[in-house]
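Everything below concerns the one structure shown next.
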Amino acid sequence: MSRIKALFTSFIRGILNSYAQVFFSNHSLFAVFLILVSFFDIYAGITGLMSVIISNTAAYLIGFNRTFIRRGYYGFNSLLVGLGLGIFYQPSVELWLLVFFTSLLTLLLSVMLEGVIGKYYLPYLSVPFLLGIWMVMLASRRFEALDISERGIYMFNDMYALGGLNLVKVYDWFTRLALPDSLEVYFRSLGAILFQYHLFAGMLIALGLIIYSRIAFVLSLAGYYLAYMFFHLFGGDFTTLNYSYIGFNFILTSIAVGGYFIIPSRYSYLWVALLTPLTIIVIISAGTLFSIFQLSIYSLPFNVIVLLFLYILRFRERNLGSPQLVVVQHFSPERNLYSHLNYSGRFNPALPVNLSLPVFGEWKVTQGHRGEHTHQHDWQHAWDLEIVDEEGHAYSRSGKEPEDFYAYGKPVVAPADGWVEQIQDGIDDNAVGEINTVQNWGNTIVIRHTDSLFTKLSHLRKGSFKVKEGEQIKKGALLAQCGNSGRSPVPHVHFQVQNEPYIGAPTLEYPLSHIVHHAEDRQWLVAWDVPVKNDLISNIDRHKVLENAFHFVPGQSLLMNVSEQGSPMRQEMLVVKVDSLNNQYIECERFGARAFFRNEDNVFYFTGYSGSRRSVLYYFFLAHFKVVKGFYCNMSIEDPIPVDLFHNRVLLFFQDLVAPFFIFISSMYTLSYTRIQDQLSSPVITLNAACEARTLKSSSGHMDFETRIDEKGIKEFRVIRKNRVMEVTCI
Amino acid sequence: MEKQRYERPILKKLEMGMPGKFGVAANLPPTTHIDGISVDSLVETYGSPVFILSEKTIRSVFKRAKKAFTTRYPKVQFAWSYKTNYLNAVCRIYHQEGSWAEVVSGFEYDKAIANGVQGQHIIFNGPDKSAIYLEKAIRNDSILHIDHLDELYTIIELTEKLAKKPKVAIRVNMDTGIQPMWDRFGFNYENGQAWDALNKIMHSGKLDLVGLHTHIGTFIMSPQAYGVAAQKLADLAIGIRQKYNHTIKYIDMGGGFASANTLKGFYYPGSDTNPTFDDYAEAITSALLNTQFTPDNLPLLILETGRALIDEAGYLLGTVIANKRLSTGKRTTIVDIGINLLFTSFWYEHKLTPARHYSQYTEATTVYGPLCMNIDVIRENVNLPLLNKGDHFVIHHVGAYNMTQWMQFITLRPKIVLIDQDGTAHVIRENETMDNVMNMEHLPAHLK
């Protein structure tokens, strides 16, 4: 039974998304608007819906990817073909039969294109629709049984048929509104996407567009008006826009380039401005060409320009961030943008291995990247590490012997798990001040972390190696001791990352995952850090209790007892899950909410949240947004929360409008390590978190959290919000 | 122009032949100032004798020690050995630097609590822990280092009453290759006593075995002994994990590191020859890192070093009372510091420097204290410049034990002054007065 129910839900979702996909969306309300608009012409609405159902069902029966069906990927092209046919021809059994086969054809074309151009990372957009409708249009001229429909030409007739005299009056009132010509054409162009050439349709779609995405709405206006101005400038014939309202090409191009396939930014807008004239050229030239066959070009210009642009972007070698391609598609320009800001600000997804410092305790960087002595040219990305005392000296006594240096003889450990690739030993330590330029790396070990990521530690002490070549080693395992061999005037550890397994290979710029920085009276944490000269740094010392508390295993369930202001409210069951793309998340089934997380060596983070905020999961997510698994009393961590996850929606609406250019709201998460009790037997750790929303730097609301964690895991947490206290106990 | 000081004439045997590599002159550099304050003014303000402690030295030595360990081992914790010097000001400096407290009596336990140390950060050592204090410590979640089976039984009894699972460790003694072997604290490793105690603890099910402790001796001149000890404790910890699947949270190496003092009978000065923190740290940490502990399961390393941390920061300032000659013709100097204040002169050749410049002439001298006791000898034989009555001098490296083991005997005990990091002096313990001593006495009526 539940299987049928699930299938039905998927089916409905597939239909809704097939409509929303026309505008690159998966927004249900927007889809409802679009369905409504398509049914302005009842027969066209029916044929449209029919083709979606036919396509999706066929795709399911043939056995295509169910996620893609559910997302509407296979439905939206057929939908457009269906709508087109419904508008052109009078309803008849023959037409419906034709719709059936055309939908099938469009589906097959979609899948074929997915395979053919998909391997160039290109979307098929509405190319299947174009191919489908052109073929049908050319072919159906021979089908005598089909009658050309006159609907869509005589607007008032249509309105009368749909809603009687009243609707005609309302429509008439609307048409008398002193809308500027350009705006009127804008609405008509929007409507034209669904083959509805009247104001109503356009207005309703515009409204849906705002609800779905403010950025997309702004982009639609921007693309349209850029084209409008271009026409004016060149004295072009605006009727070209007007005729069959081909202006939607600008709108769709603008949304696709400005915010859907590209992260919305000033660069994406710049490209919208650059591509709009190109679209015009394509419109006019293609229009001329296609008129020979008496075919409309429909969305051909949009397809040509967007595919061209997406294709050429892949050939960039530099400036990959301007503009930045969307990597994980969230089906909304806003979410693409905020998620991108979240990821680029908080994580470094390109790093396959988390590196720590290869030493114990606090060390000083005495030569950083692009250093003044030896870290140059091919070997510029390296660190030299020494130990210094409070006065900043690296040695005690006279400093004339290597043994006088604090660093000398100190353990050197593995910066990450791996295998010992190569060891070079047997080189004597230099006297202080002297260098060995012949065997310049000195005693060295190269560790293989992945097949293309190696670390190299040099100037080690002769005969101090505790591991052998080929041996598998764990992070933190003792490798050797710091020495003074090679080109090393004073004892220090040389640490570098490289792509090749050889001693002497060029260095690679690669940050350390999370390290603690020390200054006289405070310490702080830096993520993805490339420490610079004179930094005093150490590794995070992980605490078992924190490690255990944030070690969530798929299948694990967390039962939460929620009480507010002291009175028990409800129980919620949260379940840890993992999807096929290895995204781990905690789910609250009752509210359909998901909090995505990542668990790395030293740090636990939540990466995103979707679904209702009424679930206790939302507070759980905010309270533990980022937790470093070492306990450093009084140290605090800050991390920006994606603005769309913490701010109120009204403010967010205005933020969305200008988001590609200017972010004026922000929210910051701060975690403080408050207390640790009973450190040795059954420790209890108290963490205090605060989330603060800021509008133009001034605070516009905040929440406080307090979590208590013991050996068994997270014990309880409290949410304090405008004097209301919510207490959650984890059972 | 200042009047030239009178120095008494001396007769000195002329050494013929090759001069020594140090030449003939033996200029003893004077100690005129401590942390920027002149010795003369300290004596003038606070009297003579007086103990001076340097906060700057305390902190910098601590940092040096900590660095020696933390750069070799990821998890290190120091616990300040109260008995070494339990002046509140001193303890609080160490606690500020992050040290826990290591106490060996109820009195010290209360002192640690009074100094604001959290119960969970107090290690309760020593052979004598009364049931009352055991109970207190258990309630405070302090760590009990069990010294003998009788204590173990008392603790097990207490758990029934308190319904708490006390955190305990056992003290282990062992042969680390040095003499004398300290086998009076805790349970022996070699003869199986330690395993016996561990089995009893684990089978009782009432105690939380969190650590293993050893105290191999004092003023250990051979760091390798610590390596041996660490190795043996690690073996026990790994054995416990294998046998009971129980993880030992820490290994406590106790104290016993040598300070820069020179032991009697040693020819070279201790400051040049005694092992440094780095030597001890190297021995202990490399022993631990080379055991079967995996990198992410290394136990916490606790150190209860006392002497080596504080000795250097303590000075004892005194004044010459008189010079006289013994029947043998040996020159002696009588000073106002006796063994009642400088207990450690029984085993150290304390470094003694004058507080002002003198000519290069020195004379072999015996330094006696002011007590009317034959044993009151500060230095048997030391080459001193020609000190006069009333001259001031400084005895170095007296920070450990002297301010706790001193006694009120014949004279009253002097002030203790701490010079803070800005060079300001603070009296941290007043001198004893007649009233202090008399107030504790009661006179039976018939003697009034």
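The values are calculated or read from the model by the stated rules, or taken from the named source; none is laboratory data. In this text, all values refer to a predicted model and were calculated from it rather than measured experimentally. Don't worry about glycine lacking a Cβ; one is built from the backbone with ideal geometry, like all the others, and counts go over all protein chains shown.
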When you scan the stretch B:300-313, do you find a residue that is away from every other protein chain (no Cβ under 14 Å) and among the polar types (S, T, N, Q), even just one?
yes
Tally the residues that are within 14 Å of chain B (Cβ to nearest Cβ), modelled with pLDDT of 85 or more and part of a loop (DSSP other than H, G, I, E, B), restricting the search to the stretch A:660-684.
0
Index of the failed condition, A:L687 passing every other in (1) outside any strand (DSSP E or B); (2) surrounded by 19 or more Cβ atoms within 10 Å (Cβ to Cβ); (3) aliphatic (A, V, I, L, M)
(1)
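Conditions (1) free of Cβ contacts under 8 Å to residues at least 12 places away in the same chain; (2) surrounded by 15 or more Cβ atoms within 10 Å (Cβ to Cβ); (3) closer than 16 Å to A:P511 by Cα, marked per residue:
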| residue | (1), (2), (3) |
| --- | --- |
| A:G345 | no, no, yes |
| A:S356 | no, yes, yes |
| A:G361 | no, yes, no |
| A:H373 | yes, no, no |
| A:W379 | no, yes, yes |
| A:A382 | no, yes, yes |
| A:H393 | yes, no, no |
| A:G399 | no, no, no |
| A:P411 | no, yes, no |
From B:D296, B:D252, B:D235, B:D278, residue being among the acidic types (D, E), farther than 19 Å from B:A65 by Cβ and within 14 Å of another protein chain (Cβ to nearest Cβ)
B:D296
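Please tell me if B:Y46 is surrounded by 22 or more Cβ atoms within 10 Å (Cβ to Cβ) and away from every other protein chain (no Cβ under 11 Å).
Considered against the rule, which asks whether it is surrounded by 22 or more Cβ atoms within 10 Å (Cβ to Cβ) and away from every other protein chain (no Cβ under 11 Å), B:Y46 comes out as no.
Could you tell me how many of the residues in the stretch B:165-197 are among the hydrophobic types (A, V, I, L, M, F, W, C) and either within 14 Å of chain A (Cβ to nearest Cβ) or in a loop (DSSP other than H, G, I, E, B) (or both)?
At the first step, the residues of the stretch B:165-197 found to be among the hydrophobic types (A, V, I, L, M, F, W, C) are B:168-170, B:172, B:174, B:178, B:181-182, B:185, B:187, B:194-195, B:197.
Right, trim to either within 14 Å of chain A (Cβ to nearest Cβ) or in a loop (DSSP other than H, G, I, E, B) (or both) and you get B:168-169, B:174, B:178, B:181-182, B:185.
Within the stretch B:165-197, residues that are among the hydrophobic types (A, V, I, L, M, F, W, C) and either within 14 Å of chain A (Cβ to nearest Cβ) or in a loop (DSSP other than H, G, I, E, B) (or both) number 7.
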Checking A:N436 against (1) farther than 27 Å from A:Y502 by Cα; (2) more than 11 Å from chain B (Cβ to nearest Cβ), only one condition comes out false. Which one?
(1)
What helices (runs of 4 or more DSSP H) lie completely within the stretch B:201-306 and have 1 or more residues being in contact (Cβ under 8 Å) with a residue 24 or more places away in the chain and more than 21 Å from the chain's Cα centre (by Cα)?
B:224-244, B:277-289
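Every residue, every condition in (1) basic (K, R); (2) under 30 Å from A:E144 (Cβ atoms); (3) in contact with a helix residue (DSSP H, G or I) (Cβ under 6 Å, 6 or more places away or on another chain), yes or no:
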position	(1), (2), (3)
A:F23	no, no, no
A:G45	no, yes, yes
A:S51	no, yes, yes
A:A58	no, yes, yes
A:L61	no, no, no
A:Y73	no, no, no
A:L95	no, yes, no
Tell me yes or no: at least one residue of the stretch A:110-123 is touching a Phe, Trp or Tyr at 6+ places or on another chain (Cβ under 7 Å) and buried (at least 24 other Cβ atoms within 10 Å of the Cβ).
yes
Just to be sure, is A:W379 within 14 Å of chain B (Cβ to nearest Cβ) and either over 21 Å from the mean Cα position of the chain (by Cα) or within 30 Å of A:V658 (Cβ to Cβ) (or both)?
no
Just checking, does the stretch A:523-530 include any residue being at positive phi, assigned to a strand (DSSP E or B) and surrounded by 15 or more Cβ atoms within 10 Å (Cβ to Cβ)?
yes
Within the stretch A:366-421, the residues that are more than 23 Å from A:H449 (Cα to Cα), in contact with a Pro (Cβ under 7 Å, 6 or more places away or on another chain) and assigned to a loop (DSSP other than H, G, I, E, B) are A:A407, A:Y408
Wholly inside the stretch A:177-278, helices (runs of 4 or more DSSP H) that include 3 or more residues that are over 30 Å from A:V326 (Cα atoms) are A:181-192, A:199-212, A:214-234, A:239-242
Residue list for the stretch A:531-556, filter: touching a residue at least 40 places away in the same chain (Cβ under 8 Å), away from every other protein chain (no Cβ under 14 Å) and in a loop (DSSP other than H, G, I, E, B)
A:P531, A:V532, A:K533, A:N534, A:D535, A:F550, A:F552
Mind checking whether some residue in the stretch A:343-356 is more than 32 Å from the chain's Cα centre (by Cα) and away from every other protein chain (no Cβ under 14 Å)?
no
Flagged pairs (Cβ under 9 angstrom, 6 or more apart or on separate chains; first in the stretch B:84-98, free of Cβ contacts under 8 Å to residues at least 24 places away in the same chain and under 17 Å from B:L303 (Cα atoms); second among the small types (G, A, S) and in a loop (DSSP other than H, G, I, E, B)) are B:H95/B:G116
Across the stretch B:114-131, what is the number of residues that are surrounded by fewer than 18 Cβ atoms within 10 Å (Cβ to Cβ) and either touching an Asp or Glu at 6+ places or on another chain (Cβ under 6 Å) or more than 25 Å from B:N173 (Cβ to Cβ) (or both)?
3
Selection from the stretch B:127-160 of residues within 14 Å of chain A (Cβ to nearest Cβ), closer than 20 Å to B:G254 by Cα and of a type in the set (A, V, I, L, M, F, W, C) yields B:A137, B:I143, B:L144
Based on this model, can you work out whether A:Q481 counts as assigned to a strand (DSSP E or B), within 14 Å of another protein chain (Cβ to nearest Cβ) and either buried (at least 16 other Cβ atoms within 10 Å of the Cβ) or modelled with pLDDT of 95 or more (or both)?
yes
Across the stretch A:385-403, the tally of residues that are of a type outside the set (F, W, Y), in contact with a Phe, Trp or Tyr (Cβ under 8 Å, 6 or more places away or on another chain) and more than 10 Å from chain B (Cβ to nearest Cβ) stands at 5
Residues that are of a type in the set (F, W, Y), touching a strand residue (DSSP E or B) at 6+ places or on another chain (Cβ under 7 Å) and within 14 Å of chain B (Cβ to nearest Cβ): does the stretch A:412-419 have at least one?
no
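This table checks each residue for (1) assigned to a loop (DSSP other than H, G, I, E, B); (2) crowded, with 19+ Cβ neighbours inside 10 Å; (3) more than 19 Å from the chain's Cα centre (by Cα).
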{"residue": "A:L574", "(1), (2), (3)": "no, yes, yes"}
{"residue": "A:K577", "(1), (2), (3)": "no, no, yes"}
{"residue": "A:R594", "(1), (2), (3)": "no, yes, no"}
{"residue": "A:R598", "(1), (2), (3)": "no, no, no"}
{"residue": "A:Y618", "(1), (2), (3)": "no, yes, yes"}
{"residue": "A:F621", "(1), (2), (3)": "no, yes, no"}
{"residue": "A:C633", "(1), (2), (3)": "yes, no, yes"}
{"residue": "A:P640", "(1), (2), (3)": "no, no, no"}
{"residue": "A:Q655", "(1), (2), (3)": "no, yes, no"}
